[in-house]
Amino acid sequence: MDITSGRVVTIHYTLKNDASEILDSSAGGDPLAYIQGHGNIVAGLERALEGRKSGERFAVTVAPADGYGQRDPALVQQLPKRALQGAGEITRGMRFQTRGEDGMRVFTVTAISGDMVTLDGNHPLADQNLYFEIEVIEVRAATAEEIEHGHVHGHGGHHH
Ligand code: ZN
């Protein structure tokens, strides 16, 4: 069965950066299951998977525009510490989730200077080329319920 929109795809993946460092991998764990054509994975990878069959292995390079986007300087903000009241002691690397116009966004504390805190809302992989090594494990039709929910049920999916 070919990978096409509305099918449930199970893959093993390894993600590397420009320096060939492994950023993420399903190797040694559960494979990832997703529904093709629903934007559940980065656009460049979803496009590269279209038409593939179970058993296929391939590598694909995804540019930032088809990955996690370009860094947006407007998403870097400085706030006084008191604006983050209730968060306890603020440390570098702390993350805050905020609800904005375009959904949930995660801000990471990247610097602390005196009473000012720098928060960066860019995805940590923004501006990065993504090097995926993929093995297609299984391709099957999605159930009506999975299509309705927009995610995969059963092994590798939701509602365990
Ligand atoms: Zn569901």
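Backbone phi angles across the range 101-111, fed through the Karplus curve with coefficients 6.51, -1.76 and 1.60 (θ = phi - 60°), yield HN-Hα couplings of 4, 9, x, 6, 9, 9, 9, 10, 6, 9, 7 Hz in residue order; Gly and Pro are listed as x. Compared with the rule-of-thumb size 2.2 N^0.38 Å for a compact globular protein, the range 34-160 has a Cα radius of gyration ratio of 1.37. Projecting the Cα atoms of GLY93, ALA83, MET1 onto the charge dipole of the chain (Cβ charges, centred on the Cα centre) puts ALA83 farthest toward the positive pole. Counting 0.36 nm for each residue step from VAL106 to HIS153 and taking away their Cα separation leaves a gain of 14.3 nm.
When TYR34, TYR131 are sorted by how many other C-beta atoms sit within 10 angstrom of their C-beta, beginning with the fewest, the order is TYR131, TYR34.
The GluC sites (Glu not before Pro) of the range 68-145 meeting both criteria, a DSSP state outside H, G, I, E and B (loop) and at most 15 other C-beta atoms within 10 angstrom of the site's C-beta, are GLU89, GLU101.
The trypsin sites (Lys or Arg not before Pro) found in the range 61-160 that occupy coil by DSSP, while having at most 11 further C-beta atoms within 10 Å, are ARG92. Take every Cα-Cα pair in the range 17-99 and report what % of them are more than 18 Å apart. Result: 64 percent of Cα pairs exceed 18 Å.
Residues VAL106, VAL62 in ascending order of nearby Cβ atoms (within 10 Å, fewest first): VAL106, VAL62. Backbone N atoms of the range 1-30 closer than 14 Å to the 7 Å Cα→Cβ label point of ARG95 belong to residues 24. Rg/Rh for the range 73-120 stands at 0.95; both radii use Cα atoms, and Rh follows the Kirkwood definition. Counted residue by residue at 0.36 nm each, then reduced by the alpha carbon distance between them, the extension gain from ALA141 to ARG47 reaches 32.0 nm.
Read-outs: derived from the displayed coordinates by stated rules, not from any lab. All figures in this text were calculated on a predicted structure; none of them were measured in a lab. All Cβ positions, glycine included, derive from the backbone under ideal geometry; neighbour counts span all protein chains shown.
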